[in-house]
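Chemist: Sending over a structure as structure tokens; questions will come in a sec.
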Amino acid sequence: MYLADGRPAPSASGTPGGRRAGRIRRAGAAVPSTVLVLGTVSLITDISSEMVTAVLPLYLVAELGLSPLGFGVLDGIYNGVSALVRLVGGRLSDRGGGRGHKAVAAVGYGLSALCKPLLLMVHSLPLIGAVLAVDRTGKGLRTAPRDAMISLAAEPAVRGRAFGVHRAMDTAGALCGPLVAFLLLRAAAEGYDAVFTVSFCVAVLGVVVLLLFVPGRALPAAKDTAEGTPAGPGTPVRDLLRRPQVRRLTACAVLLGLTTVSDSFLYLALQRRLDLPAAWFPLLPLGTAAAFLSLAVPMGAIADRIGRRRLFVAGHLLLLGAYGLLPAPLGGGTALVCGVLVLHGAFYAATDGVLAAATADAVPEDARGSGLAVVQTGQTAARFVCSLAFGAAWTAWGDRTAVLTAAGGLALAAVLSARLLRPAGSAAAPDSPSEHTP
């Protein structure tokens, strides 16, 4: 498995033999147990959440008759409301010290679990929006504390790989969730009700695993290399944004998030392009999840070697390729589906955990949850705006023009982000491969 503890023995750290011994230990070390258990929690939870995500677009548009604009509002809520509470979750977890991370994460996972059966009871746009808002509140609370626990458990030099392992386990759940939803829709008379009920039961199991097996206190695996002085628990956002690396990462996450079309819209555009039957729609996320699962760990290792910020920006070019295929005058069928979904999954593998690892490099241990929340909030808020804008563009211009507009915006955002991060990339910083490899 991939590594977590690469510190050479103190008695030999200054000698060639000691350096060789350190390399041997690094090669043979296992991923920290905290990362593996959190990966298991995420795997279980993602089975639950992706069951709902896989059927939600079709349920809202085909079953309840929402327009693309109405769906854009709900999709923006589903993906954007968590931005309003991520900062709260990050600061609360830091204020609680090492034990605060687990407590806040548990509340977040519990809230999301409770929302699954509520989807059975609501059928109007305002009520569905309220349930989705609470569900995303739970996600917003848990994300930063969970990532803080991962970053504290792993050596800075291999943090990208640790996040890659976690995201691979998380994505295994994303791979199973749509498949379970597909089987339930085909087997059950009341397919959507069955999906929401089973999703709730699986989510409860994830909360139980978190409470029983995740350590109560996150301890750092090694001395951190974040720039500057300790930030202090509960550090205000403005103080974190005074750190150049945090400020640049946040700006890039916002720029790129403004042109990152949500998964649901991408799948709807692909379904309409190919005129897929409704029963097959939940299988589309499987392609993304399979590519993400197979590439998450390799992309994390590449990020540790070439630089995490650099790979984060480059990963968006893969998404740009997926956008380009959707309206391209090519023959439909298997080749188009595979091309779009593989590029989509590769984009997530190159950006999701990589951004968290890059942020952890820039933030001290005592403000890790808050720092992760600042960058994640900027990205999520930007994607919320993108969902609203893309839904409006689809309604006004059609899906083809909306996708082409998003592609042009993403290309421009990638260029601007590469220029914005260039000064940090040229200086000696934790993101530099030279500080992570022997």
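Chemist: Only one of (1) part of a loop (DSSP other than H, G, I, E, B); (2) touching a helix residue (DSSP H, G or I) at 6+ places or on another chain (Cβ under 7 Å); (3) at pLDDT below 90 is not met by VAL261, so which one is it?
Modeler: Answer for VAL261: the failing condition is (3).
Chemist: I would also like to ask the following. When you scan the range 115-137, how many residues do you find that are touching a residue at least 40 places away in the same chain (Cβ under 8 Å) and surrounded by fewer than 23 Cβ atoms within 10 Å (Cβ to Cβ)?
Modeler: Qualifying residue count, the range 115-137: 8.
Chemist: Here is a further query. Within the range 48-72, which residues are within 28 Å of ALA172 (Cβ to Cβ) and polar (S, T, N, Q)?
Modeler: If the condition is that a residue be within 28 Å of ALA172 (Cβ to Cβ) and polar (S, T, N, Q), then SER48, SER49, THR53 are the ones that fit.
Chemist: Can I ask one more? Hey, among ASP304, ASP361, which residue is more than 13 Å from the chain's Cα centre (by Cα) and within 17 Å of GLY90 (Cα to Cα)?
Modeler: That would be ASP361, the only listed residue that is more than 13 Å from the chain's Cα centre (by Cα) and within 17 Å of GLY90 (Cα to Cα).
Chemist: Given GLY129, GLY140, which one is more than 22 Å from ARG368 (Cα to Cα) and assigned to a helix (DSSP H, G or I)?
Modeler: GLY129
Chemist: Right, something else. On the basis of being at pLDDT below 90, buried (at least 24 other Cβ atoms within 10 Å of the Cβ) and assigned to a helix (DSSP H, G or I), does ALA303 make the cut?
Modeler: For ALA303, the condition - at pLDDT below 90, buried (at least 24 other Cβ atoms within 10 Å of the Cβ) and assigned to a helix (DSSP H, G or I) - is not met.
Chemist: Please tell me if PHE182 is at pLDDT below 90 and over 20 Å from the mean Cα position of the chain (by Cα).
Modeler: Criteria met by PHE182.
Chemist: Given the structure, is LEU179 assigned to a helix (DSSP H, G or I) and surrounded by fewer than 21 Cβ atoms within 10 Å (Cβ to Cβ)?
Modeler: yes
Chemist: Determine, yes or no, whether THR260 is buried (at least 18 other Cβ atoms within 10 Å of the Cβ), touching a Lys or Arg at 6+ places or on another chain (Cβ under 9 Å) and of a type in the set (Ser, Thr, Tyr).
Modeler: yes
Chemist: Picking from LEU175, LEU179, LEU152, LEU183, which residue would you name as being without any contact (Cβ under 8 Å) to a residue 12 or more places away in the chain and either under 27 Å from VAL375 (Cα atoms) or of a type outside the set (Asp, Glu) (or both)?
Modeler: The match here is LEU183.
Chemist: If I filter the range 148-166 for residues that are crowded, with 21+ Cβ neighbours inside 10 Å and under 30 Å from PHE71 (Cα atoms), do I get at least one hit?
Modeler: No, the range 148-166 has no match at all.
Chemist: Check off (1) among the hydrophobic types (A, V, I, L, M, F, W, C); (2) closer than 28 Å to SER67 by Cα; (3) assigned to a helix (DSSP H, G or I) for ALA251 and give me the number that stays unchecked.
Modeler: (2)
The values are calculated or read from the model by the stated rules, or taken from the named source; none is laboratory data. Please read these numbers as outputs of a predicted model, since none were measured by experiment. Cβ: placed from backbone, ideal geometry, glycine included. Neighbour counts: every protein chain shown.
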